[in-house]
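J.: Here it is: the structure, laid out below.
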Amino acid sequence: MDKNTLKSSFGKWVSPINTKKLFEQVEENKQDYYTKKLTTAAYIKLMLLAQLQGFESLEEMSDALIDDGLQKALGFESISTSQLSRKNNEMNPMILSHLFLELVYKIKGIQFKNGKYMPLKIIDSSTLPLNLTNHKWAKFRKTKAGVKLHLRLVFMNKDTVYPEKAVITTAKEHDRNQLEVLVDDKEAMYVFDRGYVDYERFDRMTDEGYFFVSRLKKNAITREVESFSIPKDSTVLSDKMVYIGSTQNRTENVFRLLEVVDTKGNILRLITNRFDLDSEEISEIYRQRWTIELFFKWLKQHVKIKHFYGMSETAIQNQIFLALIAYCLHVLIQLEMRSKKSLLRISRWLNKALWKPAYIWIRRFDDRSIP
């Protein structure tokens, strides 16, 4: 971003955004062809600020320009809600999608430097409800409308996860239809829930060399081939090699079926094509699936996707991608500072020091006092 923005804490936060690549994308899509004031770069900065500060409406964004720090960052002193609405509806979501993926690439670069191999990738979706009256294009039940965010989340460690791939559809899209889109890396271990269970696809993934662990439905039919021993005092109740499905419609490959007890005392049936790990390791891998639930919760509580600023499909896709971009920017500063501070605390500090010199915000990360 520009030199005026970079002097501030906000500028430091958005600095991973590659301005040159963004400009190339804008030129290629002729996004700012008739724009004099609210350029794509200014739009992104203002929308990211809205994510940070939880603005409820475009009007609140317009009013925020009374702040001279924001005026300096954007390069203008005022903007109308109609201009904001027009830009929000005309902005090509692919530009924001590419920006999101570029930030993911930067996170991966840091991850690779840290020597992280065989990453754990968690797949799930979250439905974001919409008002049917205003969003008829997103109807999925008689009285409901909504969009669905299909997501692949990379688990680095208990302190750091990041979204790696996102697909936005209407809510009526079934999760299983997106599994092949979200599974494309043979050097990873995938984790997903029973909503993605598809025996034919399990066979295909195994034949193609993809590793996974999933939860199997309670009523799924299995045929035992072999039983493995389990350690004493283990949360694993059984560990077997099985075929899945009925005699007429079963998997061609054998799989590993574990029965484990979760933290609430419920018995879960886990299916995997990994036979080289012990049962406790498989159980622990599946346990990390809860991090994507926490991610969706964080996204809805601390980033603006509960109240949308526009009603068109384009406006809603843009806002979701901006939410993912905001999250990635938090992860990047956390990794750069090698901090174990939570993203929530990082975000709070940033909000309090937005237009102050960046070092004031940065020194918070290692608890140094401010001179």
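The values are calculated or read from the model by the stated rules, or taken from the named source; none is laboratory data. Note that the coordinates shown come from a computational prediction; the quantities given were computed from them, not determined experimentally. Backbone-built Cβ (ideal geometry, glycine too); neighbour counts: all protein chains shown. Ligands, DNA and RNA are excluded from the accessible area calculation, which covers all protein heavy atoms including side chains. Shrake-Rupley method; radii C 1.70, N 1.55, O 1.52, S 1.80 Å.
J.: Ignoring everything but the protein chains, give the 1.4 Å probe accessible area of TRP290 in square angstrom, nearest 10.
T.: Looks like 120 Å² after rounding.
J.: At 0.36 nm per residue, and after removing the present C-alpha to C-alpha distance, how many nm does the segment from ASP198 to ASP366 gain when stretched out fully?
T.: 55.8 nm
J.: Using a ≥ b ≥ c from the Cα gyration tensor of segment 47-123 (square roots of the eigenvalues), is it rounded, prolate or oblate, where a/c under 1.5 gives rounded and otherwise the larger of a/b and b/c decides, a/b for prolate?
T.: prolate
J.: Write out the GluC sites (Glu not before Pro) in segment 129-231 meeting two conditions: DSSP loop, and at most 14 other Cβ atoms within 10 Å of their Cβ.
T.: The qualifying sites are GLU187.
J.: Here is a further query. Which angle between 0 and 90 degrees, to the nearest 10, do you get for helix 290-302 versus the longest principal axis of the chain when only C-alpha atoms count?
T.: Once rounded, one gets 20 degrees.
J.: Which percent of the accessible heavy-atom area of segment 151-285 goes to carbon and sulfur, probe 1.4 angstrom?
T.: Here carbon and sulfur together make up 44 percent of the probe-accessible area.
J.: Mind listing the phi-derived Karplus ³J(HN,Hα) values for segment 87-100, rounded to whole Hz, using 6.51, -1.76 and 1.60 with θ = phi - 60°, and x for any glycine or proline?
T.: 5, 5, 8, 9, 5, 6, x, 5, 5, 6, 4, 5, 4, 4
J.: If you take every residue apart from ASN177 with its C-beta less than 11 Å away from the C-beta of ASN177, what net charge results, scoring Lys and Arg +1 and Asp and Glu -1?
T.: My count for the surroundings of ASN177 gives 0.
J.: Still on this structure, I have one more. Of the heavy-atom accessible surface of segment 1-130 (probe 1.4 angstrom), what whole percent is carbon and sulfur?
T.: 51 percent
J.: Can you work out the accessible area per residue across the chain, with the rest of the protein chains kept in place, probe 1.4 Å, in square angstrom?
T.: I get 50 Å² per residue for the chain.
J.: Sorted by packing (mean other beta-carbon atoms within 10 Å per residue), highest first, where do 76-82, 270-276 land?
T.: Result, highest mean Cβ count within 10 Å first: 270-276, 76-82.
J.: How much accessible area does LEU258 have with a 1.4 Å probe, in Å² rounded to the nearest 10?
T.: 0 Å²
J.: Let me ask you something else. Would you pull out the residues with amide H under 5 Å of LEU216's amide H, same chain only if 5 or more places away, H placed 1.01 Å from N?
T.: For LEU216, whose amide H was placed from the backbone, the distant partners under 5 Å are ARG269, LEU270, ILE271.
J.: Could you work out the local net charge near THR314, counting Lys and Arg as +1, Asp and Glu as -1, over the other residues with Cβ closer than 14 Å to its Cβ?
T.: Here the count lands on 0.
J.: In degrees from 0 to 90, rounded to the nearest 10, what is the angle of the helix 40-53 Cα long axis to the longest principal axis of the chain?
T.: So the helix axis and the longest Cα principal axis differ by about 70 degrees.
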